[in-house]
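Step one of this worksheet: look at the structure below.
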Amino acid sequence: MFSLLPTSPGSFHCQLFPAFVKSRGQQPSIEMRRTMLETERLIMRPWQDSDAASLYKYASDDRVGPIAGWPVHQSEEESLEIIRTVFSHPEVYAVTLKEDNVAIGMVGLLIGKDSNFDIAANEAEVAYWIGVPFWGKGLIPEAVKELMRHAFEDLKMAALWCGYFAENEQSFKAQAKCGFKHHHTEEKQFNQFMNDHRVEHISHIGLDEWLDLQK
C-alpha cells in the first residue's frame with residue numbers, strides 16, 4: 001500500500017501515509033525544503049501551518065479519502081498535525097493556484113526506502129490528490145507532469161511508480177495521461193487505516209520512456 005492522501009474520479013491516487021508516518025517528527029533541513037515547482041496555472045510549494053484550514057476543507061470530504069485508503073480529517077487540528085509531520089517531507093508539495101496561493105491539493109515523491117514499494121534508491125513513488133471543486137480541470141496531470149520532470153531531471157531518478165485501487169479506474173486514466181503504464185496488480189492488499197483489503201494496480205514509467213515523451 002502507499003498513500004499521500006485522496007483519490008476518486010477527480011482526486012487521484014498514490015498514497016503517502018504509511019511510509020511517511022514512519023518518519024513523523026523528523027523535520028527536513030531548511031535547504032531541503034526550499035524547492036518550489038511551477039506550471040502554467042500552478043505553484044507547488046512546501047506546506048505551511050497556515051494551510052491547515054484549506055487542507056481540512058478538502059480532506060474532510062468523504063468523497064476524497066476513503067476511496068484512496070485513508071479516513072477523512074476530523075478537525076483543523078488533525079490537518080495541522082499532518083502538515084507538521086507527514087507533509088513536512090521535503091518532496092511533498094502543496095498544490096496551489098497561482099492567483100491565490102491557497103492549498104487545494106498535494107503532490108509528492110517517496111524516494112527509495114521511503115516508498116511502500118520495494119524499489120531502488122534512485123526510484124520514487126508518485127503521490128497526488130486534489131480537492132473535489134477542482135476535479136475535471138486537468139490540474140493534477142499538469143502538476144504531476146512537472147513533478148515527474150523534477151524527479152527525472154533534478155533528482156536524477158531512474159524510474160517512477162504509482163498505483164490505484166481497482167474501484168478507481170479514473171485515477172489510472174490520470175496516470176496514463178502522464179505516461180505511466182500498468183506494471184502489475186497486487187491482490188488483497190491490507191489497508192491499516194481503513195482496516196480492509198483491496199486490489200491495487202501498480203503503474204510504472206522509466207527514464208527512457210519519459211524522455212521519449214518529451215520529444
Taking Rh as the Kirkwood radius computed over C-alpha pairs, what is the Stokes-Einstein D of segment 17-213 at 10 °C in a medium of viscosity 1.306 mPa s, expressed in µm² per second? 93
Based on Cα positions only, what radius of gyration and what Dmax would you give for segment 95-193, in angstroms? 14.1, 43
Note: R84 to H184 extended length (0.36 nm per residue) minus current alpha-carbon separation gives 32.6 nm
Which aspartates and glutamates, if any, have their Cα less than 16 Å from the Cα of K181, not counting same-chain residues under 8 positions apart? E123, E125, E169, E200, D208, E209, D212
Relative contact order of segment 117-165: what whole-number percent is it, with Cα pairs under 8 angstrom and at least 6 residues apart? 56
Inter-label distance for V72 and K145, nm, one decimal - labels placed 7 Å from Cα along Cα-to-Cβ: 3.3
Do any of K57/K98; K156/K188; K98/K173; K57/K113 go past 29 Å between their Cα atoms, and which? K156/K188; K57/K113
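Throughout, read-outs are computed from the coordinates displayed, never taken from laboratory work. These figures come from a predicted structure and were not determined experimentally. Cβ coordinates were reconstructed from backbone atoms using ideal geometry, including for glycine residues, and neighbour counts include every protein chain displayed.
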